[in-house]
Structures are given as C-alpha cells and as structure tokens.
Amino acid sequence: MSSLRQWLALPLAGVLLLGSSLAASQVQAASAAESSKSLVSSLSSKQQVPVLKLADPKATAATRSLFLYLQLARGKEILFGQQHATDEALSAPVNGVKSDTYSAVGDEPAVFGWDTLSLEGYEKPGSTSNTTKQNRDNLIYSMRQAYEKGGVLTLSAHMPNFVSGKDFYDTSGNVVSHILPGGDKHAKYNQFLDRIADFALHLKDRKGDSIPVIFRPFHEQNGGWFWWGAPYATKEQYIEIYRYTVEYLRDVKGVHNFLYAFSPGSPFNGLEESYLRTYPGDDYADVLGFDTYYDGKTQGWFDTAVEDGKLVSRIADKRDKVAAFTEFGYQNVKPAGTEDKQFYTKLLTALQSDPDAKRLAYMLTWANFSYDNIYVPYRNSAEHGDHELLPDFVNYYKDSYTSFSRELRHVYDQKTSAAQQGPSMHIVSPTGQETMTSGTTTIRARVLNEKPAKVVYTTGGSDKEYPLKLDKDGYYSAEWQPAASLNGKSTTLTVLVYGKDKKGQKQSIQKQSIIVYFGMKDSLVKRLTFDKDILNASNNGTYPDTISSSFRHEKVKGDGKLAVNVKGMQTNETWQELKIGLKDIAKQVNLKLVNRVSMEVLIPIAAGNGNPEANLRAAAELPPSSSKFQTTAAAKLNELPTVKIGNTVYARYTPVIDLNDPSLAASAEGLQLALIGSGLKLDGTLYIDNVKLMNSYSDGSSNPLLVDNYELYKGSSDLLRTSYSVNGDTNTFALDPMNKEDGEFGLKFDYTLAGQGYTGITKDLGSRDWSKAGRLRLWLKPDGSGKKLVIQVKANGVSFEYYPSLAGTEPGVVEMPFSDFKVAAWDTQNAGKTLDVGHAAKVQAFSIYVNAQDGDAYSKDNPYKGTLYVDQIEAVVKP
C-alpha cells in the first residue's frame, strides 16, 4: 500500500492509475478529466490503495473515500458550499427546488451544511414542535437527499450553554470547565453528544450504509462570541474538551462516519503557532479550516484570506490533513446598497493567485435566513427581484476552478485504507495551567491503543511514583491531595505510562507533564477529632476567674469529643472566656502553614437564658505571643442551628478564625483557642470537636470591582496568559516587576500593528455588578506612539469604549467616567446606548486594544511595534 503523501505527490493521471503504464487512450481520458470540472472518473483500476491518517482509524469506507476525494481536489477545484442551502431560500423555487444557489445558477452546492440546532429544533428542517426523533429523522431525510446527489455534508455545532441553559452566545459560567470530565455539567454534555451520536448512527443510505459527515464542533474558538471562546476557557481546557468529544463519539458511541474539522477564526498573522494554539492533535482532526467574513470595506481582507489560506494549506500538508475554507461570506449584505459587487470573483481570483491558498478543498458560506444577511444572491425574489450580486455569483460559478453539485463524481467509492494510530496518552484532569481550588482533585489520564503494564503519576519533580488505576469511565485515575505547603504556589504533575515488556526491546514509556497552580481557600493541614482522647488539650484558664472549667473525653452518639464542664457563667457578664491550649500541635505540624482555624462547638441552647442578645465568638493565639485573632462578628445563640442530644437541645457554632499575621507563626510554640461568650448562663457541659488547622489562599479576585492588579497570578506570566485572550495582530504580554503602580507586578503589553491594524487582549469577567460604580480607573505608562488606545468594557451584551491618549510617556492614573464611554463604532445595532446603571449591573468582559490611526498603512512587511505598561484596573464606587 502507498501512503497518502506519495499519492498527492503524483500528477493527476498518476493518481488515477497509480503509476501504471498508460495507453494513449488512457492518457487522453486523464487529460480530459483534468480539463473538465470533474475531478476523477474512477479509481477502480488502481494497483495500490492509499493509506489515510484519520482521526478515526475505523472510519467507514465512504468516509475514507470522502477524505481522499477532498485531498485530491485541492489545487484543482474548490467545492462551493452553503449552510441550509435547501432549507432557507429568498428566491422563488425553480423546478420544484427551493434553493438560492439553484435559483441563481441552476445547480446546487457541492457542500451542504447543517447545524446541531436542527437536532434541537431551533433550525430547519427541525422544529421546536417536533419530538427529538422527528427532528433527527427530518435532518436525516434532508442530508440523504443531498448525499444521493453526490453532495458533501457538514454539521457544525452551536451548542447551548450547559451552565445557564441559554444559547451559545451566552458566555457566562466558564462552561468548558463544567462539562469536562469531573465537572458538574459533564453528564448534561454527554446527553447532548448522545443526541449527535444517535443521529449519526441512524444516518444511512437506502442500502443501509452509513453516510459520511464532516463534523465541526467548537469553531471560531479564538474569538469571544461563543461560550467556548478564548476568554472563557484556557487553551488546555479547549484541547481536552475537543479530544473528549471525539473520543466519546468515536470510542464510546461507535460513530465511524464522521470526519472532524478544526476551524479557528481568522486572522493568524502568518504564524503557525497562532493557528495551532488550541489544536487537539493529529489523532483528533481530519480537516483544518478557518472562518472569516468580509465587511465590504476593508480591501485588505482579501489579502488576509489569502495569507490564512496559504498558512492553513501548508499546515495541512505537513500533517496529511485536508485544508478548507470552513466558513466565509460577505456580511450584512442587504437587498440594495452592496458596496463591493465583485466579492465572489475577487475572492476567487485572490485565492487562485497563490499556489498554496489555491489548495483549499471547499469553501462554505452561511444560510440566507433573512434579507438582513444575504450570503448567496437570490434570483426572482418575490419582494426584491434579482440581487445585485447575482451577476458576480454567476461568473463565480462559471469559473473552471469552482465545483458545484453536478460536477461531483465518485466522491464516496474510492478504495482506501486507514492507518492505525499508535499508542498515546493525555492528561484529562486537571488541565495544564489550571488553578486548584479544592483540597482534593481527581487525576485522570486517557491511554489509547495500548494495554500498559502500569500507569503512575509523580509531582514536583520527585521520583516517587503513585499508581493510577483503570476506572469505570475508562480513565486511569487517582485522588490527589496536594500538600498544604503548595497553596499559593505551583508544581509539576507528570503521568507516565509503562508499556508491557517485549522480548529484546526496551520497555516503552509515554510521559506528559503539566504545570498546575494552587489557590485553595481552605487546604487542610491537620484535623483534631478527639475520637479517642483529648489529645493533651490543656485547660488554660477562664475569664473572669469566677468561671471555672474542666476537661474530659466523652463520646456523644459514638463520636468522641472534648467535653468542657463549665460552672459560674452569669448573664450580666459581657466577656466570658474559656481557653483551650494545644501545645503539642507545634510538634505535629508546621504552624507557618496555618493561617486559618475552625472548630465545631455544641453549647446548650438554654445557656442563652432567654436573652436574645446572648452570643458567642471565637479567638486564637500563637503562644508565646498573646495577640488575639478573633472572628469578625458575634453569633447570637438563638440564631444558630440546633441539634438534639438526648433530652438536651444544643446550638451548633462553627467559627472560622483567620490568623492574619504570618510573622507570629515562625516563633509559635503552640496554639491556644478561646471560646468567648456574652450574656450566657451556663452550669453544665459544652463540646468541642473537629478542630481544623488550614492554609487558606486568597488572590483578591473575589472583589467584583477589581479587573486586575496583576498580583493574582502567583508571579507566573504563563498563568496570566490563561486569563486573557488575544485578538487582531500579534502581541505578547507578561508580568512586569519594574513598571507598576504598586504591589509586585504590573502588565507589560508588547503590541504589533500589521495587516489587521489593531491588536488587543480580553479578560472574561463573568458577570460583575458595577451599578454602584461611576468610573473605571487604571494606571498607564504610555509609549508616546500617538496610536489609538481603546479601553473596552462589554456590559449586558454591548461593547462600550473609552480612548485614553498615547501621546506622552509619563506614567499616571487614568480616570474614565462611565458617562464618557461610547458604544463601539462597529456595534451599529446598539448605537446611542450609554454605560448606565442597567448596563453596568452586568459587566462581562474587559479589553485593551491598540489601533492604527486613520491613514496609517501597516502590513506584515511594514509593521509598527510598541510597548505599554498597565496596572491596577478597577471600577470605583461613586463618592
């Protein structure tokens, strides 16, 4: 068998007969095939079969053939496609066919697109009044009709927000983190995939054979308009959810009629690393595509489309993938007033001008849902007649480089085979650069195409190995409790897969290492439960001395507790203190790690003696220091939850005490706890249990008014970059210890203005309430460039902007009143709105952009570079 790369190196005639000696008639036939718009006639005479490297080695014969056909098409023809080509039309039907493409040129697209919204009933041929089965069957019927014409089928996925229950445009909730394995919405996501799998497994032709589909999930992920976009998931999370999706459909549900498409949004600035930033790997993608739309004004868009097409095509060649223009179009085209009436032919000419950009297998435009966005010009519309782009689209159709439905031949009957994938492993959870916020996490690793001898993990560069065991979900997993000493820091997690020994061969080892961070609110250092004795707890006295206390061990409902017998508490006393010493604790734990203490106290509710103001608070000391750390507020006894033990009702008090002076822990000889009452009357027993010594980390991010002070990233620029997404031309950003307003770090923002003329970064804020704030402030050190700095706040779905000056170089604070923010010029739908209280109540994202000024002409070969420094970005409450 021959490899696909060898096949593609052959001229078309050689591909047809794979190097066979050709009779003159055969050469003429091959030449005719090249000169016609049909790619191939028949490959049945091949002496060898190409071996394809697919995401699914078990892909059906027709699915493999589709992949080969698309590869062979590259550079010879480009298949035209349209979303909902037969569901949505503005033209009058022709010959019973409802299709704007057919009405325009008398032919249907070569590529037909649908979306999972059809399965949910939100798009045709589905309906919200249908059952799930009816929507599935309707989509199958439409797809089968297109398939029987030889058409290529694609399925995109505009998935619902699995956290909020709203649509794909609702970017709240950090959805990806919730639907990954271990997330609380993971089961809900599986149910969604089950619907896709059910559709795929029922999608068959009249002979009962599965019909191939190009499935394109999580598209345009480098943008910020979908919940799976860059501001709302780290690149590692995106990679893992993409991999999980493929593995679930392919390996768990047995779907083998999908090719998988990866399609970020343009531009990529000629950088392979930009395109591949979230690439899930060669074992998870078959089609490498890109999406971009023309605004009718920016003529440089055509150059960018060529640059992107060139880049994607070259990357696809390196990886034996199909390159495609997975989404394109002329946006906001109306029935009249089209500024560029040669859009299609200009784009086609531009693509053909470059030998790499020319090698895109297909280009798919969007659906004609309404007259507000027309992607294929209509003919003989009942309301508007012929569209003004129609002549150009007809010329596009006539071009020998484009292919439509009638020119498709033998898309699904080429003989192929698929290469088996080699052993692989990837860490599913936690994901790289993730910040751990709980004391325990589940390590999960997926091992594919191998039955390993053992799977283990190590941490922090240590050689000590801990086992991972195969669980019911097919992961090698283990529960990991990181040491409290890691809180606020980072460590390396490494998973190793040892292959089985083979005679005469060295044992194979697969290895992956990731960096994880720790920001656990309460990481347990030590728990004291008094199950067997009082753990040498000492009675350190009382206040006032008219109160007495004694300690003993007692079991309450089988649970051991420290029982404190109290006498002499009187309601007229406003400070009633019982002191418990834990001197031995200094020998058991490093008290430098302890900055928070909690405990459980059970005190008879009768101690309140009917006084509604009777209350409790707790405190702690680190002897020999007598500095007292107290709970912030007193708890009224009659407002506490209760529990009944025997015939006595107890109030349950669970105070948390912050030891907020770490300097005292260095010389601490022990720990002293205190229970402080006011107005209590008690001659009896109270119980203490579950004393927890914790290390608590806070990065200050709980302040809803704080956008960033750059102290939140544990000194790691890598962690900083997981919190921001990049837009436009290239830029780099990092923590800077020199240029800042205060604290340890500020932000250094290196930007480049090239073909796009703008560049920026965006931070997702979830949903912040700034309704009581009146202005935004930040510290800025400008670069004297005079470029246009844009501070953008997305609030309640509207993008508001403020434009500080970059004319000087002196650092200082910039105050930006909300009333001075303007709706972004491109957001014409919301023009005239203001950043008022209603919008400020739901602030979703913050961005920093630098734009070229009018008249500036920058390109890849003539860029402009600059550097800004920013710190302490926060909303300020009105005075």
Inset, instruction - Might you let me know whether the range 701-716 holds any residue that is farther than 30 Å from THR631 by Cα and not in a strand (DSSP E or B)? - result: yes
Legend entry - The one condition in (1) closer than 21 Å to LYS583 by Cβ; (2) surrounded by 22 or more Cβ atoms within 10 Å (Cβ to Cβ); (3) more than 39 Å from the chain's Cα centre (by Cα) that ALA651 fails to fulfil: (1)
Legend entry - Within the range 369-394, considering residues that are among the charged types (D, E, K, R) and within 17 Å of ASP340 (Cβ to Cβ), the one surrounded by the fewest Cβ atoms within 10 Å (Cβ to Cβ): GLU388
Legend entry - Qualifying residue in the range 322-340 (condition: touching a His at 6+ places or on another chain (Cβ under 9 Å) and within 20 Å of TYR69 (Cα to Cα)): yes
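For the condition in the same structural domain as ALA59 (by TED's automatic domain parsing), surrounded by fewer than 19 Cβ atoms within 10 Å (Cβ to Cβ) and among the hydrophobic types (A, V, I, L, M, F, W, C), what is the one hit in LEU259, LEU271?
Matching residue, one of LEU259, LEU271: LEU271.
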Legend entry - Residues located in the range 111-120, provided they are within 14 Å of ILE211 (Cα to Cα) and either surrounded by fewer than 24 Cβ atoms within 10 Å (Cβ to Cβ) or out of contact with any strand residue (DSSP E or B) (no Cβ under 8 Å at 6 or more places or on another chain) (or both): none
Inset, instruction - Within the range 394-411, track down each residue that is part of a helix (DSSP H, G or I) and either touching a Lys or Arg at 6+ places or on another chain (Cβ under 6 Å) or of a type outside the set (D, E, K, R) (or both). - result: VAL394, ASN395, TYR396, TYR397, SER405, GLU407
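Being at pLDDT 95 or above, surrounded by fewer than 20 Cβ atoms within 10 Å (Cβ to Cβ) and either among the charged types (D, E, K, R) or not assigned by TED's automatic domain parsing to the domain that holds ASP399 (or both) narrows it down to one residue among GLU108, GLU148, GLU220, GLU123; which is it?
Among GLU108, GLU148, GLU220, GLU123, only GLU148 is at pLDDT 95 or above, surrounded by fewer than 20 Cβ atoms within 10 Å (Cβ to Cβ) and either among the charged types (D, E, K, R) or not assigned by TED's automatic domain parsing to the domain that holds ASP399 (or both).
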Inset, instruction - Collect the residues in the range 352-381 that are of a type outside the set (S, T, N, Q), in contact with a Gly (Cβ under 7 Å, 6 or more places away or on another chain) and closer than 29 Å to LEU117 by Cβ, keeping them in residue-number order. - result: LEU360, TYR362, MET363, LEU364, TRP366, TYR375
Legend entry - Unmet criterion (only one of (1) within 28 Å of LEU271 (Cβ to Cβ); (2) crowded, with 21+ Cβ neighbours inside 10 Å) for ASP750: (2)
Legend entry - Filter result for LYS636 (among the basic types (Lys, Arg) and under 20 Å from LYS561 (Cα atoms)): no
Inset, instruction - Mind counting the residues in the range 841-876 that are polar (S, T, N, Q), under 16 Å from ALA824 (Cα atoms) and assigned to a loop (DSSP other than H, G, I, E, B)? - result: 1
Inset, instruction - Report whether or not ALA478 is under 21 Å from the mean Cα position of the chain (by Cα) and in a strand (DSSP E or B). - result: no
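Conditions (1) crowded, with 23+ Cβ neighbours inside 10 Å; (2) within 34 Å of the chain's Cα centre (by Cα); (3) at pLDDT below 50; (4) of a type in the set (Lys, Arg), marked per residue:
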{"position": "ALA23", "(1), (2), (3), (4)": "no, no, yes, no"}
{"position": "VAL27", "(1), (2), (3), (4)": "no, no, yes, no"}
{"position": "SER31", "(1), (2), (3), (4)": "no, no, yes, no"}
{"position": "LYS37", "(1), (2), (3), (4)": "no, no, yes, yes"}
{"position": "SER44", "(1), (2), (3), (4)": "no, no, yes, no"}
{"position": "VAL51", "(1), (2), (3), (4)": "no, yes, no, no"}
{"position": "ASP56", "(1), (2), (3), (4)": "yes, yes, no, no"}
{"position": "ARG64", "(1), (2), (3), (4)": "yes, yes, no, yes"}
{"position": "ILE78", "(1), (2), (3), (4)": "yes, yes, no, no"}
Inset, instruction - Name the one entry in PHE168, PHE162 that is more than 30 Å from ALA89 (Cβ to Cβ) and of a type in the set (A, V, I, L, M, F, W, C). - result: PHE162
Inset, instruction - Give the residues of the range 159-214 that are within 26 Å of TYR412 (Cα to Cα), of a type in the set (D, E, K, R) and out of contact with any Lys or Arg (no Cβ under 9 Å at 6 or more places or on another chain), sorted by residue number. - result: LYS207, ASP209
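How many of the residues making up the range 463-488 are of a type outside the set (D, E, K, R), farther than 28 Å from TYR244 by Cα and modelled with pLDDT of 95 or more?
Of the range 463-488, the ones of a type outside the set (D, E, K, R) are 466-468, 470, 474-478, 480-488.
Checking the rest, the ones that are also farther than 28 Å from TYR244 by Cα come to 483-488.
Filter once more, so that each one left must be modelled with pLDDT of 95 or more: none.
Result for the range 463-488: 0.
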Inset, instruction - Determine which single condition SER725 fails, assuming it passes every other condition in (1) in contact with a helix residue (DSSP H, G or I) (Cβ under 8 Å, 6 or more places away or on another chain); (2) outside any strand (DSSP E or B); (3) among the small types (Gly, Ala, Ser). - result: (2)
Inset, instruction - Can you tell me which residue among TYR141, TYR102 is modelled with pLDDT of 95 or more, of a type in the set (Ser, Thr, Tyr) and buried (at least 21 other Cβ atoms within 10 Å of the Cβ)? - result: TYR102
Inset, instruction - Could you figure out which of (1) in contact (Cβ under 8 Å) with a residue 24 or more places away in the chain; (2) of a type in the set (Lys, Arg); (3) farther than 18 Å from THR867 by Cβ isn't true of LYS748? - result: (3)
Inset, instruction - Scan (1) buried (at least 16 other Cβ atoms within 10 Å of the Cβ); (2) not aliphatic (A, V, I, L, M); (3) not assigned by TED's automatic domain parsing to the domain that holds GLN507 for the single condition SER417 breaks and write down its number. - result: (1)
Inset, instruction - Confirm whether GLY289 is in contact with a His (Cβ under 9 Å, 6 or more places away or on another chain) and outside any helix (DSSP H, G or I). - result: yes
Inset, instruction - Filter the range 559-584 down to residues that are more than 23 Å from LYS681 (Cα to Cα) and modelled with pLDDT of 95 or more and give me whichever is surrounded by the most Cβ atoms within 10 Å (Cβ to Cβ). - result: LEU582
Inset, instruction - Kindly state which strands (runs of 3 or more DSSP E) lie completely within the range 597-673 and contain at least 2 residues that are aliphatic (A, V, I, L, M) and in contact with a Pro (Cβ under 9 Å, 6 or more places away or on another chain). - result: 615-621, 648-653
Inset, instruction - Return the pairs, sorted by first residue and then second, in which the second residue is assigned to a loop (DSSP other than H, G, I, E, B), the first residue lies in the range 823-835 and is at positive phi, the beta carbons are less than 6 Å apart, and the residues are 6+ apart or on different chains. - result: none
Legend entry - From the options LEU680, LEU673, residue that is among the aliphatic types (A, V, I, L, M), crowded, with 16+ Cβ neighbours inside 10 Å and in contact with a helix residue (DSSP H, G or I) (Cβ under 9 Å, 6 or more places away or on another chain): LEU680
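What do you reckon, is THR867 loosely packed, with under 14 Cβ neighbours inside 10 Å and either without any contact (Cβ under 8 Å) to a residue 40 or more places away in the chain or not aromatic (Phe, Trp, Tyr) (or both)? Before the answer, list the steps.
Working: loosely packed, with under 14 Cβ neighbours inside 10 Å: no; either without any contact (Cβ under 8 Å) to a residue 40 or more places away in the chain or not aromatic (Phe, Trp, Tyr) (or both): yes.
Judged against the criteria, THR867 is not a match.
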Inset, instruction - State which residue pairs qualify: first residue surrounded by fewer than 11 Cβ atoms within 10 Å (Cβ to Cβ) and inside the range 454-467, second residue of a type outside the set (A, V, I, L, M) and not in a loop (DSSP other than H, G, I, E, B) in any location, beta carbons under 8 Å apart, and separation of 6 or more residues or different chains. - result: GLY461/THR492; LYS464/THR458; PRO467/LYS454
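The values are calculated or read from the model by the stated rules, or taken from the named source; none is laboratory data. Keep in mind that what you see is a predicted model, and the values were worked out from it rather than measured. Here the Cβ is made from the backbone with ideal geometry for all residues, glycine too, and neighbour counts use every protein chain on show.
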